[in-house]
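Engineer: Following this message is one structure expressed as structure tokens.
The values are calculated or read from the model by the stated rules, or taken from the named source; none is laboratory data. These numbers come from a predicted model, not from an experiment. Quick reminder, even Gly has a Cβ in these numbers, built from the backbone with ideal geometry, and neighbours come from all protein chains shown. We work out accessible area using only protein heavy atoms, side chains counted, and drop any ligands, DNA or RNA first. Shrake-Rupley method; radii C 1.70, N 1.55, O 1.52, S 1.80 Å.
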Amino acid sequence: MSRVEPRTTQPQVALLYRIDRFPRWGLSSLSVLTIGLGMLFVQYDIFNINVSFVQTCAQIIGGCTPATADQFIGLPIFLSLLGYGVGALVLGPLSDRFGRHRLLIIAMIITGLGSLYSTFSIDETHFALSRMITGIGVGADLAIINVYVNEISPRRMRGRYTSVLFFMAALGSALGIWLGLYLTTPMTPWPQGLPVAIASDSFTTGWRWVYAVGAILAAFSLILRLALPESPRWLIDRGDHGEAARVIGRMEAIATRRSPLLPEDAIAIAPPEPTISTLSAIRELLTSPRYLWRLAVIGATWLLGYITIYSFAGAFTSVLVRQGFTPAEAGIVSAVGLSGFIAAAIVARSVIDRVERKWWMLIGSLITLVGVLVTASGGDQTWMMFLGAVIMFFGQNVWVPAQYALTAESFPTRFRTTAYALADSVGHVGGGLGVFLLVGVLSQLPLLGTLLGLVSFLVVGGIINLLAPRTRGRTLEEISS
């Protein structure tokens with residue numbers, strides 16, 4: 001592949017070259033927090049149903065009891081993930097046309113309205129529809145945020161910064177579960193429950209406050225997003241080199257406050273991509289054997305991985321209640337297990353750029369299998385259940401930031417968000433359908449059979465993911481050339 005010399009006179013190449021010379025991210029601390037809050041909300045929305053749904057179901061769904069909540073949770077999870085797919089497919093491609101920043105604003109407005117709708121839902125139909133609306137905003141947000149982060153990061157640090165945001169996502173998942181535990185389960189001595197929980201016969205609306213907090217988070221994040229810069233790579237792709245230069249200049253000033261730019265001979269950058277219309281870009285994506293293959297591989301791996309992830313993220317507490325645990329006990333196992341998610345985010349930040357992205361899913365699935373065996377052998381030993389849950393949540397999530405990066409890196413700027421949205425939406429909708437069809441069936445098995453059945457999809461996805469392209473340490477333009 002031909003290379004462009006660093007001192008080229010082509011303005012777009014010179015601008016792209018400046019980004020990859022940054023010694024660190026060129027965003028202010030407030031901007032990093034703003035993007036991080038988006039990821040926090042995404043995972044909060046995914047996990048807030050896990051513990052709280054047992055109370056939601058008993059309150060607004062006729063015939064539901066805590067012991068049968070696992071039979072009802074499939075529909076709201078499925079519609080939520082269907083919304084993810086719709087949002088990613090509809091709003092994601094619009095960000096290729098109208099800009100990442102504008103669609104990040106719209107996505108957060110939709111998520112906030114969906115959470116507010118959930119707060120005041122009066123029956124199963126309204127609750128399920130509210131989850132779908134929230135999912136539309138979250139699905140778009142997830143696709144656009146990951147593309148945005150890849151486009152503003154220097155190539156050697158894309159995985160690292162994706163992992164930084166994933167840590168915020170881990171905090172969001174922990175907030176969703178622990179808040180649900182506090183608001184929707186009765187006060188119970190540790191470790192059978194949470195000693196400071198407040199649900200009681202006189203306080204049965206804690207689940208509504210779980211979603212109200214989501215609406216508040218969305219409003220706060222929306223205000224902060226107004227100050228985010230547009231993606232300079234998107235500006236370059238649209239031919240607005242002047243504005244791109246201004247954005248990069250501000251980023252460069254922040255990135256070089258403590259360290260100088262990397263040496264000119266440290267980076268070679270590929271020629272810029274041609275600027276084409278959105279429809280032409282989509283047509284290229286759907287007719288190119290190369291990109292269709294990447295889309296098929298990555299979409300299939302997300303689908304299989306999401307079946308495992310969302311089964312645990314949304315239904316693990318309900319599954320354990322079906323196995324004979326009380327809602328408080330099951331919620332505590334989920335809540336303690338979430339520390340594995342947080343540990344995965346911390347570990348991923350340090351190691352994600354040391355191993356090729358496509359290997360991480362298989363590594364994570366094997367770790368998850370170890371957690372399954374520990375959990376299933378725990379019996380009445382609470383510490384074994386806790387340890388197994390921690391290992392399972394660690395394995396399920398340690399590969400996710402690498403897969404976020406891999407998905408965004410595998411396609412050119414001209415249809416990066418569209419391709420990401422297609423792969424991610426196939427994964428979310430398929431994963432949601434899998435949860436809808438499988439959780440209620442597999443939860444009838446003994447605990448070991450249930451967990452192995454749910455994790456088997458992640459293992460198969462990890463094997464398929466080995467067919468994805470190699471992206472670690474390569475420029476985005478080189479991967480697409």
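Engineer: Has the stretch 401-414 got any residue that is more than 20 Å from the chain's Cα centre (by Cα) and assigned to a helix (DSSP H, G or I)?
Structural biologist: From the stretch 401-414, those more than 20 Å from the chain's Cα centre (by Cα) are 412-414; that's our starting set.
From the residues that got through so far, the ones that are assigned to a helix (DSSP H, G or I) too are 413-414.
For the stretch 401-414, residues more than 20 Å from the chain's Cα centre (by Cα) and assigned to a helix (DSSP H, G or I): present.
Engineer: I need a count of the residues in the stretch 363-383 that are surrounded by fewer than 23 Cβ atoms within 10 Å (Cβ to Cβ) and farther than 16 Å from LEU458 by Cα.
Structural biologist: Number of matching residues: 9.
Engineer: Okay, next question. Give me a count of the residues in the stretch 29-45 that are of a type in the set (A, V, I, L, M, F, W, C), closer than 17 Å to ILE152 by Cβ and either buried (at least 23 other Cβ atoms within 10 Å of the Cβ) or at pLDDT 85 or above (or both). So that I can check it myself, show each step before the final result.
Structural biologist: Step one: list which residues in the stretch 29-45 are of a type in the set (A, V, I, L, M, F, W, C), which gives 30, 32-33, 35, 37, 39-42.
Next, from what is left, pick out any that are closer than 17 Å to ILE152 by Cβ: 30, 32-33, 35, 37, 39.
Adding the requirement that they be either buried (at least 23 other Cβ atoms within 10 Å of the Cβ) or at pLDDT 85 or above (or both) leaves 30, 33, 35, 37, 39.
Summing the residues that are of a type in the set (A, V, I, L, M, F, W, C), closer than 17 Å to ILE152 by Cβ and either buried (at least 23 other Cβ atoms within 10 Å of the Cβ) or at pLDDT 85 or above (or both) in the stretch 29-45 gives 5.
Engineer: Filter the stretch 119-137 for residues that are within 13 Å of ILE77 (Cα to Cα) and either surrounded by 24 or more Cβ atoms within 10 Å (Cβ to Cβ) or touching a Leu at 6+ places or on another chain (Cβ under 6 Å) (or both) and give the result.
Structural biologist: PHE127, ALA128, SER130, ARG131, MET132, THR134, GLY135, ILE136
Engineer: Looking at the stretch 461-477, which of its residues are open to solvent by 40 Å² or more (accessible area, probe 1.4 Å) and assigned to a helix (DSSP H, G or I)?
Structural biologist: Step one: filter the stretch 461-477 for residues open to solvent by 40 Å² or more (accessible area, probe 1.4 Å), giving 463-464, 466-467, 470, 472, 474.
Once the filter is applied, which keeps residues that are open to solvent by 40 Å² or more (accessible area, probe 1.4 Å) and assigned to a helix (DSSP H, G or I), the stretch 461-477 yields ILE463, ILE464, LEU466, LEU467.
Engineer: Also, I was wondering about something else. Open to solvent by 10 Å² or more (accessible area, probe 1.4 Å) and out of contact with any strand residue (DSSP E or B) (no Cβ under 7 Å at 6 or more places or on another chain): which single residue out of PHE411, PHE386 fits that description? Outline the logic, then answer.
Structural biologist: Numbers: PHE411 fails: open to solvent by 10 Å² or more (accessible area, probe 1.4 Å).
Result: PHE386 is the single residue among PHE411, PHE386 that is open to solvent by 10 Å² or more (accessible area, probe 1.4 Å) and out of contact with any strand residue (DSSP E or B) (no Cβ under 7 Å at 6 or more places or on another chain).
Engineer: Another question, if that's okay. Determine whether THR382 is touching an Asp or Glu at 6+ places or on another chain (Cβ under 6 Å) and β-branched (Val, Ile, Thr).
Structural biologist: Details: touching an Asp or Glu at 6+ places or on another chain (Cβ under 6 Å): no; β-branched (Val, Ile, Thr): yes.
Answer is no for this residue.
Engineer: Cβ-Cβ under 6 Å, sequence separation 6+ or interchain: first residue in the stretch 73-99 and touching a residue at least 40 places away in the same chain (Cβ under 8 Å) and open to solvent by less than 50 Å² (accessible area, probe 1.4 Å), partner in a loop (DSSP other than H, G, I, E, B) and among the small types (Gly, Ala, Ser). Which pairs?
Structural biologist: Matching pairs, first to second residue: none at all.
Engineer: Which members of the stretch 215-248 meet the condition of being aliphatic (A, V, I, L, M), under 30 Å from LEU175 (Cβ atoms) and touching a residue at least 24 places away in the same chain (Cβ under 8 Å)?
Structural biologist: Restricting attention to the stretch 215-248, the residues satisfying the condition of being aliphatic (A, V, I, L, M) are 215-219, 222-224, 226-228, 235-236, 244-245, 247-248.
Filter once more, so that each one left must be under 30 Å from LEU175 (Cβ atoms): 215-219, 222-224, 226-228.
If the condition is that a residue be aliphatic (A, V, I, L, M), under 30 Å from LEU175 (Cβ atoms) and touching a residue at least 24 places away in the same chain (Cβ under 8 Å), then ALA215, LEU217, ALA218, ALA219, LEU222, LEU224, LEU226, ALA227, LEU228 are the ones that fit.
Engineer: On to the next question. Filter the stretch 101-118 down to residues that are of a type in the set (Val, Ile, Thr) and surrounded by fewer than 21 Cβ atoms within 10 Å (Cβ to Cβ) and give me whichever is nearest to SER231 (Cα to Cα).
Structural biologist: Looking only at the stretch 101-118, we keep the residues that are of a type in the set (Val, Ile, Thr), and these are 105-106, 109-111.
Imposing the further condition that a residue be surrounded by fewer than 21 Cβ atoms within 10 Å (Cβ to Cβ) reduces the set to 105-106, 109.
Numbers: ILE105: 14, ILE106: 16, ILE109: 20 Å.
By that ranking, first place goes to ILE105.
Engineer: Residues in the stretch 92-144 that are in a helix (DSSP H, G or I), among the hydroxyl-bearing types (Ser, Thr, Tyr) and over 17 Å from ALA218 (Cα atoms): how many? Don't jump to the end; show me each part of the working.
Structural biologist: In the first step, residues of the stretch 92-144 are kept if they are in a helix (DSSP H, G or I); the result is 92-98, 100-119, 124-144.
Subsequent filtering for residues that are among the hydroxyl-bearing types (Ser, Thr, Tyr) retains 95, 111, 115, 117-119, 125, 130, 134.
Add one more test, that the residue is over 17 Å from ALA218 (Cα atoms), and what stays is 95, 125.
Residues meeting the conditions: 2.
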